[in-house]
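A.B. asks: This is the structure, below, for whatever I ask next.
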Amino acid sequence: MNSMYFTEEHQLFRTSLQDFLQKEVVPHIEKWEKAGEIDRFIWRKFGDMGFFGIKYPEAYGGLDLDLFYTVILLEELQKINSGGFAAAIWAHAYLAMTHLNAEGDEAIKQKYLVPSIAGEKVGCLCISEPFGGSDVAGMRTTAVKKGDSYIINGSKTFITNGVYSDYLVVAAKTNPELGNKGISIFVIDRETAGVSATKLDKLGWKASDTGEIAFDNVEIPASQLMGKENSGFAYIMQHFASERLIMGINAHARAEFALEYALKYMSERQAFGRTIDKFQALRHSIADLYTDMEICKTFNYAIAYRLDKGEYVVKEATMSKLRSTKMADEVIYQCLQFLGGYGYMEDYPMARLMRDSRLGTIGGGTSEILREILAKIIIDKKEYKPAT
């Protein structure tokens with residue numbers, strides 16, 4: 001199957017990325033997990049290696065490579081066992097930067113996208129709100145036009161890179177009476193007066209900073225508007241397809257990592273005179289779990305291929321996230337069981353894996369919301385179309 005999607009150049013990239021992560025990232029993971037903050041030097045190193053520019057145009061310092069280079073980056077980030085570090089990286093590269101590239105004008109791309117690709121600036125995407133959660137259309141943050149400026153008031157929550165990033169890509173209502181058709185997208189510098197952030201204490205993803213952000217009469221130039229006014233909801237919905245697929249790929253990759261670790265442990269752990277991978281109950285459980293993981297991985301690769309060809313795969317990407325994140329939780333829960341008491345110890349990777357995995361069915365749209373979206377598509381025949 002790998003030869004269907006991955007060339008020799010892809011495999012060389014994977015090997016190079018693995019070496020980079022082992023040398024530059026893994027030695028610092030425990031420190032970052034404990035501190036809840038990632039040292040800034042690593043962003044520049046990612047930029048120097050071109051990892052932030054994989055999918056972006058060469059005109060802005062990117063590499064303009066196909067989507068399977070991104071798949072490799074996502075998979076390998078999951079296999080160093082820090083969901084928080086992985087999230088910080090992909091939230092910058094594939095949430096904040098996606099909007100800069102798709103909706104930003106030339107001036108915004110030069111000011112924010114170019115240094116983001118270089119790892120000199122870090123971004124975050126601010127959509128979720130304390131009273132909204134998955135209800136994007138119900139957001140209360142407002143942006144009121146005043147001459148050549150917008151005045152922004154409101155708050156956002158559960159924002160990855162929300163405390164330490166350099167800029168914020170923010171959704172706000174420019175015409176509240178229009179509901180979801182009155183949302184616009186802005187980019188805001190962190191140091192702008194009236195922007196404040198509070199760090200949140202999470203169950204998992206410890207290395208990433210997750211913030212609640214307040215906007216108190218934040219005044220920004222009208223030029224910080226991205227795309228068309230009142231078109232923000234369509235932009236958000238369009239990019240949700242790639243975000244959901246990213247989270248589906250993350251899920252199959254961490255499940256695969258968990259299974260690989262569990263199998264290695266089971267081949268070494270002895271009980272009753274033999275290694276525990278010889279006991280039928282455990283062998284058959286592994287067979288079921290591995291099958292579920294491979295099915296999700298195969299589906300995710302197929303959807304990545306279609307997305308790379310320009311298809312609007314919102315239905316399939318929603319299915320990817322819904323099924324893959326559920327599968328990952330089930331696989332990792334059972335892999336922890338294979339380790340017995342050691343699975344419950346922080347010195348072994350399964351405890352962190354289980355905590356980090358649990359966000360998969362919540363972030364980027366809860367599984368309950370995704371099921372309703374799919375029900376609308378399948379039962380009500382609702383059609384979602386790309387904004388651009």
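A.B. asks: Please state which one of 123, 133 is farther than 17 Å from residue 246 by Cα, at pLDDT below 95 and touching a helix residue (DSSP H, G or I) at 6+ places or on another chain (Cβ under 9 Å).
C.D. replies: 133
A.B. asks: Can you tell me which residue among 107, 102, 86 is aliphatic (A, V, I, L, M), over 22 Å from residue 300 (Cα atoms) and either out of contact with any Gly (no Cβ under 9 Å at 6 or more places or on another chain) or not in a helix (DSSP H, G or I) (or both)?
C.D. replies: Of the residues listed, the single one that is aliphatic (A, V, I, L, M), over 22 Å from residue 300 (Cα atoms) and either out of contact with any Gly (no Cβ under 9 Å at 6 or more places or on another chain) or not in a helix (DSSP H, G or I) (or both) is 107.
A.B. asks: Could you figure out which of (1) of a type in the set (A, V, I, L, M); (2) open to solvent by 10 Å² or more (accessible area, probe 1.4 Å); (3) under 16 Å from the mean Cα position of the chain (by Cα) isn't true of residue 89?
C.D. replies: Only one criterion is unmet by residue 89, namely (2).
A.B. asks: Pull up segment 148-182, narrow it to residues that are of a type in the set (Gly, Ala, Ser) and modelled with pLDDT of 95 or more, then point me to the one that is farthest from the chain's Cα centre (by Cα).
C.D. replies: 149
A.B. asks: Can you tell me which residues in segment 364-380 are of a type outside the set (Ser, Thr, Tyr) and open to solvent by less than 20 Å² (accessible area, probe 1.4 Å)?
C.D. replies: Taking segment 364-380 as the starting set, the residues that turn out to be of a type outside the set (Ser, Thr, Tyr) are 364-365, 368-380.
Once the filter is applied, which keeps residues that are of a type outside the set (Ser, Thr, Tyr) and open to solvent by less than 20 Å² (accessible area, probe 1.4 Å), segment 364-380 yields 365, 370, 374.
A.B. asks: In segment 222-245, what count of residues is obtained for those that are hydrophobic (A, V, I, L, M, F, W, C), open to solvent by less than 10 Å² (accessible area, probe 1.4 Å) and part of a helix (DSSP H, G or I)?
C.D. replies: Qualifying residue count for the region: 3.
A.B. asks: Just checking, does segment 312-330 include any residue being part of a helix (DSSP H, G or I), at pLDDT below 95 and surrounded by 14 or more Cβ atoms within 10 Å (Cβ to Cβ)?
C.D. replies: Checked against the condition, which is being part of a helix (DSSP H, G or I), at pLDDT below 95 and surrounded by 14 or more Cβ atoms within 10 Å (Cβ to Cβ), segment 312-330 yields at least one hit.
A.B. asks: Let me ask something else. Find all pairs meeting these conditions: Cβ atoms under 8 angstrom apart; at least six residues apart or on different chains; first residue within segment 296-310 and touching a residue at least 24 places away in the same chain (Cβ under 8 Å); second residue of a type in the set (Asp, Glu) and open to solvent by less than 20 Å² (accessible area, probe 1.4 Å).
C.D. replies: Close Cβ pairs (under 8 Å, with a partner that is of a type in the set (Asp, Glu) and open to solvent by less than 20 Å² (accessible area, probe 1.4 Å)) amount to 297/256.
A.B. asks: Something else: Do you know which of the residues in segment 338-388 that are among the β-branched types (Val, Ile, Thr) and in a loop (DSSP other than H, G, I, E, B) is nearest to residue 264 (Cα to Cα)?
C.D. replies: Per the stated criteria, the residue is 362.
A.B. asks: Go through segment 112-127 and give me each residue that's outside any loop (DSSP other than H, G, I, E, B) and aliphatic (A, V, I, L, M).
C.D. replies: Scanning segment 112-127 gives 113, 114, 117, 125.
A.B. asks: Among the residues of segment 262-299, how many are in contact with a helix residue (DSSP H, G or I) (Cβ under 6 Å, 6 or more places away or on another chain), in a helix (DSSP H, G or I) and either crowded, with 19+ Cβ neighbours inside 10 Å or of a type in the set (D, E, K, R) (or both)?
C.D. replies: 9
A.B. asks: Quick check on segment 48-63: of everything there that is outside any loop (DSSP other than H, G, I, E, B) and under 21 Å from residue 107 (Cβ atoms), which residue is farthest from the chain's Cα centre (by Cα)?
C.D. replies: 59
A.B. asks: Name the residue that is farthest from residue 86 (Cα to Cα), counting only residues in segment 3-42 that are open to solvent by 50 Å² or more (accessible area, probe 1.4 Å) and aliphatic (A, V, I, L, M).
C.D. replies: If we take residues in segment 3-42 being open to solvent by 50 Å² or more (accessible area, probe 1.4 Å) and aliphatic (A, V, I, L, M), then 4 is farthest from residue 86 (Cα to Cα).
A.B. asks: Let me ask another. Could you check residue 143 against (1) open to solvent by 10 Å² or more (accessible area, probe 1.4 Å); (2) under 26 Å from residue 116 (Cα atoms) and say which number it fails?
C.D. replies: Result: residue 143 passes all but (1).
A.B. asks: Quick one: is residue 250 in a strand (DSSP E or B) and out of contact with any Lys or Arg (no Cβ under 6 Å at 6 or more places or on another chain)?
C.D. replies: So residue 250 fails the test.
The values are calculated or read from the model by the stated rules, or taken from the named source; none is laboratory data. Remember, predicted model here, so these are calculated numbers, not experimental data. Reconstructed Cβ throughout: ideal geometry from the backbone, glycine too, with neighbour counts over all protein chains shown. The area values use the complete protein model at the heavy-atom level, side chains included, leaving out ligands, DNA and RNA. Shrake-Rupley method; radii C 1.70, N 1.55, O 1.52, S 1.80 Å.
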